[in-house]
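The values are calculated or read from the model by the stated rules, or taken from the named source; none is laboratory data. Note that the structure is predicted; figures quoted are calculated from it, not measured. Here Cβ is always computed from backbone atoms with ideal geometry, including for glycine, and neighbour counts include all displayed protein chains.
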Amino acid sequence: MEKRLLTLGLLAAMLLPAGLLGAQEYHYTEASCLTLTGKVFPDTPNPYHRLDTVRYKGFTDTEQRLLQNAAGIAVAFRTDATSLQIRTEYGYKSYSLNSNGFMARGYDLYIRRDGQWLWAASGVSADKNADKPLTLIANMEPGPKECLLYLPGFSEVRSVGIGVEDGATVEPLPNPFRHRIAVFGSSFTQGAACSKSGMAYPSILARETGLGFLSLGVSGRCKLQDYFAAALAEAPDVDAFLFDTFSNPSLQEIEERLFPFIEAMQKAHPGKPLIFQQTIYRERRNFDRKTAKFEADRQALAARLMKEACKKYDDVYYVTVTNATSPEHYTSVDGTHPGDYGYTLWAHSIKKPVLKILRRYGIK
């Protein structure tokens with residue numbers, strides 16, 4: 001009789017909701033109370049915005065919205081937890097056509113092992129579960145872990161809670177990246193079409209080099225505007241600038257704006273290296289003759305003007321090896337943006353020449 005009652009009791013326990021059995025409880029730490037990396041402008045009213053568009057003027061509504069995205073921002077922390085949950089309050093969510101949920105609305109986690117950042121997990125909540133915490137990873141070994149969590153690349157977030165199980169700790173990790181290198185650019189720099197939010201080329205460069213490449217990608221809107229130059233002129237404690245500024249503007253905009261943009265940056269940051277990149281080959285050129293001509297003309301104009309600029313101005317450089325295309329031409333997602341493989345090729349193509357320039361200025 002006792003054995004029968006015990007069996008029935010165990011069966012009943014198995015059928016009870018997990019919460020009634022004392023399911024794992026989590027406590028949450030706001031991500032902004034830990035270490036935020038990847039921001040050109042560290043001090044913004046919303047810590048997950050990349051620029052204060054109230055303080056800096058001139059931006060269109062679209063540009064303001066893009067600058068509210070958390071692209072390139074990562075949270076560095078140390079924890080001994082065996083699982084992590086994320087609780088998000090969104091300002092708005094993006095449903096981009098060429099970027100999946102992990103990139104546009106989700107999270108990308110890396111954990112340091114043997115001195116390298118190793119991918120650990122990516123995740124995003126389905127809309128039907130938006131009010132529930134996202135279990136990003138579970139079943140990890142106990143013990144201290146150094147974590148780097150990238151925030152959503154094309155959405156606005158107002159609050160990000162990092163949850164660890166009761167008894168576990170979470171604390172700020174000292175900034176794992178040396179120096180501050182501002183990267184101003186297009187949707188490429190923001191990471192459009194990446195499969196997850198940590199795969200834009202500035203983030204890849206940061207993880208592989210240990211240098212702080214700070215993303216200010218503004219999808220479709222990086223056109224050498226004077227108001228962007230005015231904001232970047234006040235970028236604090238920046239050691240160098242890397243520009244992807246020839247991917248969006250028209251030929252006329254490049255012709256008219258390039259030299260004034262350089263001069264504004266040099267006046268504000270004398271002696272700092274200004275490294276411009278050639279825009280990548282877009283696979284749309286393969287058969288679209290109109291696109292092929294425009295892209296070729298834009299690359300040729302940028303090359304001609306940058307050759308002149310490098311002679312005219314000190315501390316100005318042009319990196320022409322930018323590459324996001326494999327020999328098989330398998331890297332494109334939509335004819336314009338590469339996927340993860342293409343962004344990895346891009347980062348690797350510029351890493352050596354960019355690091356060589358930076359070393360001249362003691363940035364290593």
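When Ser215, Ser195 are checked against the criterion of being surrounded by 22 or more Cβ atoms within 10 Å (Cβ to Cβ) and either over 27 Å from Asp61 (Cβ atoms) or touching a residue at least 12 places away in the same chain (Cβ under 8 Å) (or both), a single residue qualifies: Ser215. Residues in region 104-116 that are in a loop (DSSP other than H, G, I, E, B) and acidic (Asp, Glu): Asp114 only.
For region 268-300, filtered to residues that are polar (S, T, N, Q) and under 18 Å from Tyr317 (Cβ atoms), the residue that is surrounded by the fewest Cβ atoms within 10 Å (Cβ to Cβ) is Gln299. Within the set Lys311, Lys272, the sole residue that is outside any loop (DSSP other than H, G, I, E, B), modelled with pLDDT of 95 or more and assigned by TED's automatic domain parsing to the domain that holds Leu214 turns out to be Lys311.
Here is a yes/no grid of residues against (1) assigned by TED's automatic domain parsing to the domain that holds Val238; (2) within 27 Å of Leu97 (Cβ to Cβ); (3) in contact with a Phe, Trp or Tyr (Cβ under 7 Å, 6 or more places away or on another chain):
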| site | (1), (2), (3) |
| --- | --- |
| Glu283 | yes, yes, no |
| Asp288 | yes, yes, no |
| Ala292 | yes, yes, no |
| Gln299 | yes, yes, no |
| Ala303 | yes, no, no |
| Asp315 | yes, no, no |
| Thr322 | yes, yes, yes |
| Thr325 | yes, yes, yes |
| Ala347 | yes, yes, yes |
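None of Gly115, Gly106, Gly58 is without any contact (Cβ under 8 Å) to a residue 60 or more places away in the chain and either of a type in the set (Lys, Arg) or not assigned by TED's automatic domain parsing to the domain that holds Lys196 (or both) except Gly115.
Scan region 323-364 for residues that are acidic (Asp, Glu) and on the phi > 0 side of the Ramachandran plot and the total you get is 0. Listed by position, the strands (runs of 3 or more DSSP E) contained in region 31-100 that have at least 1 residues being of a type in the set (D, E, K, R) and out of contact with any Phe, Trp or Tyr (no Cβ under 9 Å at 6 or more places or on another chain) are 74-79, 84-92. Just one of the numbered conditions (1) assigned to a helix (DSSP H, G or I); (2) crowded, with 16+ Cβ neighbours inside 10 Å is not true of Lys356: (2). Restricting attention to region 301-353 and to residues that are within 25 Å of Thr209 (Cβ to Cβ), among the hydroxyl-bearing types (Ser, Thr, Tyr) and without any contact (Cβ under 8 Å) to a residue 24 or more places away in the chain, the residue that is surrounded by the most Cβ atoms within 10 Å (Cβ to Cβ) turns out to be Tyr341. Only a single item in (1) of a type in the set (Ser, Thr, Tyr); (2) surrounded by 20 or more Cβ atoms within 10 Å (Cβ to Cβ); (3) over 25 Å from Ala168 (Cα atoms) is not met by Thr79, and it is number (3). Residue count for region 117-168, restricted to those that are of a type outside the set (Gly, Ala, Ser) and either over 15 Å from Tyr107 (Cα atoms) or not in a strand (DSSP E or B) (or both): 21.
Between Glu141, Glu146, Glu165, Glu156, which is touching a helix residue (DSSP H, G or I) at 6+ places or on another chain (Cβ under 8 Å) and either among the acidic types (Asp, Glu) or not assigned by TED's automatic domain parsing to the domain that holds Thr35 (or both)?
On the way: Glu141 fails: touching a helix residue (DSSP H, G or I) at 6+ places or on another chain (Cβ under 8 Å); Glu146 fails: touching a helix residue (DSSP H, G or I) at 6+ places or on another chain (Cβ under 8 Å); Glu165 fails: touching a helix residue (DSSP H, G or I) at 6+ places or on another chain (Cβ under 8 Å).
Glu156 is the lone residue from the list that is touching a helix residue (DSSP H, G or I) at 6+ places or on another chain (Cβ under 8 Å) and either among the acidic types (Asp, Glu) or not assigned by TED's automatic domain parsing to the domain that holds Thr35 (or both).
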